[in-house]
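The structure appears right after this line, and notes come after that.
The values are calculated or read from the model by the stated rules, or taken from the named source; none is laboratory data. Everything quoted here is computed from the prediction, not taken from an experiment. Because the Cβ atoms are built from the backbone with ideal geometry, glycine has one as well, and the counts that use them run over all protein chains shown.
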């Protein structure tokens, strides 16, 4: 992987959902599943079209889709709080 940064993605309620390796600049819109470094929700095992929820508050955090030929989590921007580690 090229130089980048690891982002902690938390729900608005404060629960740590996962850690994600982000390679580019800009906002966190989608998370490719092969770039997850730590998964506390079980996103990697979900099938396409699934809408994962926060285990603490049951808020929908996004939807699993194919983006550029790879499985990715398209994030619901109002449900998450990304912080750089």
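Miscellaneous remarks
- Residues within region 1-13 that are within 15 Å of residue 85 (Cα to Cα) and in a loop (DSSP other than H, G, I, E, B), tallied: 2
- Screening region 62-85 for residues that are in a loop (DSSP other than H, G, I, E, B), surrounded by fewer than 15 Cβ atoms within 10 Å (Cβ to Cβ) and in contact with a strand residue (DSSP E or B) (Cβ under 7 Å, 6 or more places away or on another chain) and picking the one that is modelled with the lowest pLDDT gives 85.
- If the condition is being farther than 17 Å from residue 83 by Cβ, part of a strand (DSSP E or B) and touching a residue at least 24 places away in the same chain (Cβ under 8 Å), then region 18-61 contributes 30, 32.
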